[in-house]
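The values are calculated or read from the model by the stated rules, or taken from the named source; none is laboratory data. The model shown is predicted, which means the values in this text are computed figures rather than measured ones. Virtual Cβ from ideal backbone geometry, glycine too; neighbours counted across all protein chains shown. Side chains included, ligands, DNA and RNA excluded: accessible areas come from the protein's heavy atoms. Shrake-Rupley method; radii C 1.70, N 1.55, O 1.52, S 1.80 Å.
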Amino acid sequence: MGKIAKMTPHLANMIAAGEVVEKPSSVVKELVENAIDAHAKNISVFLLEGGLKEIKVVDDGDGMDADDVHLAFHPHATSKIKTEYDLSRILSLGFRGEAIASIAAVSQMQIISSQDGKEGYQVTYEAGTMRSSSVTSANRGTAVIVKNLFFNTPARLKYLKSAKNEFASVMFFMEKISLAHPEIRFTIYNDDKCHLKTTGSLALPALMGEIYGIEVAKAILETEFVIDGVQGKLLLIKPEIYRSNKLEISLIVNGRYVKNYKISNAIIEGYKTYLPIGKYPITVVYLEIDPMLVDVNIHPSKTEIKISNEKAILETLIGEVRASLEKATLIPTRVLPVQNQNVGYEKMNIFELPKPVFKENEILYSTEPVREESKFDVPKETMESVSMEENFVEKEELSKLPYMEYVGQAFGTYLIFQNDQGLFLMDQHAAAERINYEKNYLLLGNPQQPTTELLVPILLNFTKSEALFLEEHFDEFFKLGFEIDAISTQDFIVRRIPLWAKTEQKEVIQDIFSMLILHRKVDVISFRDEIAKQMSCKGSIKANHALRREEIDALVENLSQCKNPFTCPHGRPTIIKFTQEELEKMFERIQS
């Protein structure tokens, strides 16, 4: 007798439940998507203990008759697709016909549905077996109740997290599905407390405010584009607000919240140098694509997709993000901290302030020119264009920075400006980094670089494995403008370098070679961003360095002409603003 036997339907459903139903948020996802497919305009989710004890989803959609309610519990029963042609043009959120049967196999489940709002029908299942069915009165639409999830599968039950964590997962999905369908009113309760309520008004800024808060809603940059039949809309949040993970880069394709690693990275690439290292933007990407060009049938959870013309979309997204950020004014406003909230601002005794400690040759506050050598390279033409008598940035019409009067310099690091909007502090090192980065990035974009011979060759030392790579690629380095000779198995002499590297220090040249060796690819163009960052950081004026007035004017002038004058190449702000109102609150001129 053979060893192979056909599984029972119940066992097959329990196995399928392992793919479709992982935790309460999986159940909520499947039920809410079914409600959306049923054309619901109002969808409410009620949870007990984060969904561990009970999940109830109520909608005002089309509803089902008695036959459909029974069929819904059968595996692979669906109203969404009927032929192979339908599978290639999926317009609904659900289509596999597995969710209800899988959930019913591992819970106590009841469906109550009505098409006319008068007479309805209810069916109750427990562990995949029908317990009752009857006619009942019901509102138009469908209510699905799921109790004691995984009560009959202890192995899966023990891996569920706390009620708080499971509820957080549900909220994450509900926020994303709310963004995907702003036309629907969503309400979610946990233990009788309302945690989210959207208006269904189609007003995206208002929806973003309901989900993320008013500060995010005020920081939205919105843009639209069309490419190769793809209609796209981007909601970009200004980089002054960011997150420590990629979870808030939301992709909505044809009304479905999905994940796509390449699209997320394209958004991050667009924000490059606008955000600190290790920080990520809040962004919503809406794409309307011909269903024939999208494959959503990759995973049972239906959260992963493949797109046919993905490369063109990625390039467009990067360009659209950069263009939107470059057009915006991105000076972050800092709110000064308030201490002793119950009694107002904490008063300070000026006679108890610690005395400042001055370093040799350091000037903490200066309104007079400091005659000292500077490390900031001021172009002659810029020097000639800046008037020493004027206390403001010229050519304001070409600048992305506002009109600002120079006040002084603090700690040899921060330049102080003011205007009728408030007080501005500029980090001189970050500003110089941005200027040099954009200059170097532009220079590195030309593969045909002019070269210069070094009067004093640079001696570099590498490990033996690095040295072997160098020797193998001497010709390729020569094409980049570097002329190298080996003087031992690990020591090399650099005799000629590209003109863009002329003013750079030895360690920068060492870093460039090390990076190219690490990537095993001798191509400056491919790594121009990393190289430009290294060059700009080490070649810029440093903190604790007093600047002459003409250097300050030139720094501001050059920064104002940058594509992105608001952050250094590593995403730190170059300039921040304190409003006059906040300063007056600090001094109790006005009451908060």
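Picking from residues in the stretch 258-294 that are of a type in the set (Ser, Thr, Tyr) and in a helix (DSSP H, G or I), the one that is farthest from GLU438 (Cα to Cα) is TYR261. State which residue pairs qualify: first residue at pLDDT below 80 and part of a helix (DSSP H, G or I) and inside the stretch 537-551, second residue open to solvent by 50 Å² or more (accessible area, probe 1.4 Å) and among the polar types (S, T, N, Q) in any location, beta carbons under 9 Å apart, and separation of 6 or more residues or different chains. Note: pairs meeting the criteria are LYS538/GLN505. Considering every residue within the stretch 118-127, establish whether at least one is touching a residue at least 24 places away in the same chain (Cβ under 8 Å), among the β-branched types (Val, Ile, Thr) and in a loop (DSSP other than H, G, I, E, B). Within the stretch 118-127, not a single residue is touching a residue at least 24 places away in the same chain (Cβ under 8 Å), among the β-branched types (Val, Ile, Thr) and in a loop (DSSP other than H, G, I, E, B).
Residue pairs whose Cβ atoms lie under 7 Å apart, sitting 6 or more positions apart in sequence or on different chains, and linking a residue in the stretch 439-459 that is within 13 Å of PHE482 (Cβ to Cβ) to a partner that is among the β-branched types (Val, Ile, Thr) and part of a helix (DSSP H, G or I), are ILE458/ILE509. Comparison of ILE227, ILE267 shows that the only residue that is of a type in the set (A, V, I, L, M, F, W, C), crowded, with 21+ Cβ neighbours inside 10 Å and under 30 Å from ASP37 (Cβ atoms) is ILE267. The single condition among (1) farther than 30 Å from ASP553 by Cβ; (2) open to solvent by 10 Å² or more (accessible area, probe 1.4 Å); (3) at pLDDT below 85 that GLU504 does not satisfy is (1). On the given criteria, is VAL284 free of Cβ contacts under 8 Å to residues at least 60 places away in the same chain, closer than 19 Å to LEU202 by Cβ and either in contact with a Gly (Cβ under 7 Å, 6 or more places away or on another chain) or crowded, with 18+ Cβ neighbours inside 10 Å (or both)? It is false that VAL284 is free of Cβ contacts under 8 Å to residues at least 60 places away in the same chain, closer than 19 Å to LEU202 by Cβ and either in contact with a Gly (Cβ under 7 Å, 6 or more places away or on another chain) or crowded, with 18+ Cβ neighbours inside 10 Å (or both).
Of the strands (runs of 3 or more DSSP E) lying entirely inside the stretch 137-230, the ones with 3 or more residues being touching a helix residue (DSSP H, G or I) at 6+ places or on another chain (Cβ under 6 Å), in contact (Cβ under 8 Å) with a residue 60 or more places away in the chain and not aromatic (Phe, Trp, Tyr) are found at 220-227.
Considering the stretch 287-312, and only residues there that are modelled with pLDDT of 80 or more and out of contact with any Leu (no Cβ under 8 Å at 6 or more places or on another chain), the residue that is surrounded by the fewest Cβ atoms within 10 Å (Cβ to Cβ) turns out to be LYS311. Taking the criterion of being small (Gly, Ala, Ser) and part of a loop (DSSP other than H, G, I, E, B), the residues of the stretch 464-499 that qualify are GLY481, SER488. Among all residues of the stretch 469-488, there is none that is of a type in the set (Val, Ile, Thr), at pLDDT below 75 and open to solvent by 20 Å² or more (accessible area, probe 1.4 Å). Scanning the stretch 205-224 for residues that are surrounded by 18 or more Cβ atoms within 10 Å (Cβ to Cβ) and touching a Lys or Arg at 6+ places or on another chain (Cβ under 6 Å) turns up just one, ALA219. Looking across the stretch 452-463, the residues that are part of a strand (DSSP E or B) and either of a type in the set (D, E, K, R) or within 22 Å of ILE517 (Cβ to Cβ) (or both) come down to GLU453, LEU454, PRO457, ILE458, LEU459, LEU460, ASN461.
The residue of the stretch 489-501 that is farthest from ASN461 (Cα to Cα), among those that are at pLDDT 80 or above and of a type in the set (A, V, I, L, M), is ILE497. Just one of the numbered conditions (1) over 24 Å from the mean Cα position of the chain (by Cα); (2) surrounded by fewer than 21 Cβ atoms within 10 Å (Cβ to Cβ); (3) at pLDDT 90 or above is not true of LEU149: (2).
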